[in-house]
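I have placed the structure first, in the form of structure tokens, so that the comments after it can refer back to it.
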Amino acid sequence: MAISRAECVALDASDPLRHLRDEFVLPDGTIYLVGNSLGAPPKTAVAAVTRTVEQEWGGRLVGGWNASGWYDLPLTTGDRIAPLIGVGPGQVAVGESTSVAIVKAVSAALGLRPGRRVIVSDLDNFPTDRYVVEGLVRALGGYEIRDVSGPGGLAGALGDDVACVLMSEVDYRTGARNDTAAVTGMVQAAGALMVWDLCHSAGAFQVDMSAADFAVGCTYKYLNAGPGAPAYIYVHPRHQAEAEHILTGWHGHAAPFAFEPGFRPAEGIRRFTVSTPHVLSFAPLNASLDIWERVDLTALRAKSVALTSLFVELVEEFCASYDLALVSPRDPERRGSQVSFRHPDGYPVIRALIDRGVHGDFRAPDVLRFGFAPLYIGYADVHDAAVALAEVLREEHWRDERYQRRLAVT
Ligand SMILES: *Cc1c(COP(=O)(O)O)cnc(C)c1O
């Protein structure tokens, strides 16, 4: 017999992270299992944006670049993200989007491995990762992409022609978690550089990039920094003096305000900044990082494992007679903070579920995704979500005409 709702309520009462839920804005009656796509807003985000507009921008006008620390935001904020990915200060720069950060990381990696002309890309990568590498290859000329299917395909793909490997720590579709230490070691042993995409891992559990060469990630998923919040790039200190990427904008210049005619890279991680930071978007990001500073990442992972395991167990019990199949690894050690199921009518099932207050999302062709942000999702939420999913399937609510047509963003 599965755990009862009352038992879930008791688990919530003794959850050491429980108090954090009150720090987020979540509409009543909503069980939000899409924090892996867009995290919920910290309640302090509004005040942070208001302060930036009224006091910093309104009060100091252009003086804000110096007096409010706007100019250094990419680096000061990077130093606050660093502990979440297991690296030190001066190793992370924040700005632009993940797609742009990948262009920076991969182009820098290619420069560090002259003569090697192959970029290995995982077929399970989020599509934009591969798309931007395609554009890079086309623009640079002379390079090629070698597709592999997961870490298992790496051994056969690595050779002395490989400059770098691009892979995600957690698969966006299945939630499967790769062993970053093992993969990084294997790639480096072949003389190549490892670029990790952390979009679905930072904020889901303690990440350790200390051995990796480069890493990138977004801040609007588990890090709750808001739509369009800037991404980050990590560059290992051993590469910082040599690594040069192709987006040589003025903020990465050694002397941006000397307005020299040619580009000279800045020292250290600053050369991985490009141009004017999106100051207003840094405000909610830093408000969110104020919360993250107080989060025990060991407790976070323990809760994440418990929530995802509970969801798998309850859905498999309540929905045993329907066409659902677990896509995520059954072993919680091999999962991120997400559980995915396959259903032939996955899209209308998710739409019907959302109409009943349980928000998951859909990834083509047939995957239903449920993200469990441990800062604001509890055990009773998991129980209620599994009950609602079973009801949608049992009553066939998803057959309703209005759920069939795809919206632009799924
Ligand atoms: C969300 C996500 C992205 C998004 O990239 P943007 O440039 O921020 O749109 C990239 N890669 C992965 C793995 C993601 O999950």
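Summarised as an ellipsoid, the stretch 46-292 has semi-axes of 31, 21, 14 Å, derived from the eigenvalues of the Cα gyration tensor scaled by 5 and square-rooted, with the largest first.
Students often forget the sequence filter, so: which aspartates and glutamates lie under 16 Å Cα-Cα from residue 43 once same-chain residues fewer than 8 apart are removed? Answer for residue 43, where 16 Å is the Cα cut-off: 22, 23, 28, 290, 293, listed by chain and number.
A simple packing score, the average count of other Cβ atoms within 10 Å per residue, orders the peptides 231-243, 128-140, 338-350 as 338-350, 231-243, 128-140, with the highest score first.
Across the accessible surface of the stretch 46-292, with the other protein chains kept in place and a 1.4 Å probe, carbon and sulfur atoms take up 56 percent. For the pair residue 247 and residue 309, the difference between a 0.36 nm per residue extended length and the Cα-Cα distance amounts to 18.1 nm. Report the Cα centroid-to-centroid distance between the stretch 214-248 and the stretch 36-110 in angstrom, as an integer. Between the Cα centres of the stretch 214-248 and the stretch 36-110 lies a distance of 10 Å. Probing with 1.4 Å while keeping every protein chain in the model, the per residue accessible area of the stretch 231-353 equals 42 Å².
Looking at the stretch 264-332, the trypsin sites (Lys or Arg not before Pro) that sit in a DSSP loop and have at most 12 other Cβ atoms within 10 Å of their own Cβ are 294, 330. Restricting the stretch 318-410 to GluC sites (Glu not before Pro) that sit in a DSSP loop and have at most 11 other Cβ atoms within 10 Å of their own Cβ leaves 395. The alpha carbon centroids of the stretch 120-143 and the stretch 181-205 are separated by 17 Å. Eigen-decomposition of the gyration tensor built on the alpha-carbon atoms of the stretch 292-410 gives equivalent ellipsoid semi-axes of 25, 15, 13 angstrom, largest listed first.
Semi-axes of the equivalent ellipsoid for the stretch 147-277, computed as √(5λ) from the eigenvalues of its C-alpha gyration tensor and ordered from largest down, come to 29, 20, 11 Å. Note on the chain: with charges restricted to the Cβ of Lys and Arg (+1) and Asp and Glu (-1), its dipole about the Cα centre is near 700 debye.
Among 192, 165, 91, whose Cα lies farthest out toward the positive end of the dipole of the stretch 46-292, if unit charges sit on the beta carbon of Lys, Arg (+1) and Asp, Glu (-1)? Checking the options against the dipole of the stretch 46-292, the answer is 91. Converting phi to 3J(HN,Hα) with the Karplus coefficients 6.51, -1.76 and 1.60 and the offset θ = phi - 60°, the stretch 258-273 yields 7, 6, 5, x, x, 8, 10, x, 5, 6, x, 5, 4, 5, 8, 8 Hz in sequence order, with x at every glycine or proline.
Placing unit charges on the Cβ atoms only, positive for Lys and Arg and negative for Asp and Glu, gives the stretch 1-62 a dipole magnitude near 140 debye about its Cα centre. Between residue 395 and residue 302, the simple spin-label model (points 7 angstrom out along Cα→Cβ) gives 3.8 nm.
The values are calculated or read from the model by the stated rules, or taken from the named source; none is laboratory data. Worth saying up front: this structure is predicted, and the values here are computed from it rather than measured. Every residue, glycine among them, receives a Cβ derived from its backbone with ideal geometry; neighbour counts consider all protein chains shown. Protein only, heavy atoms only, side chains kept; ligands, DNA and RNA dropped before computing areas. Shrake-Rupley method; radii C 1.70, N 1.55, O 1.52, S 1.80 Å.
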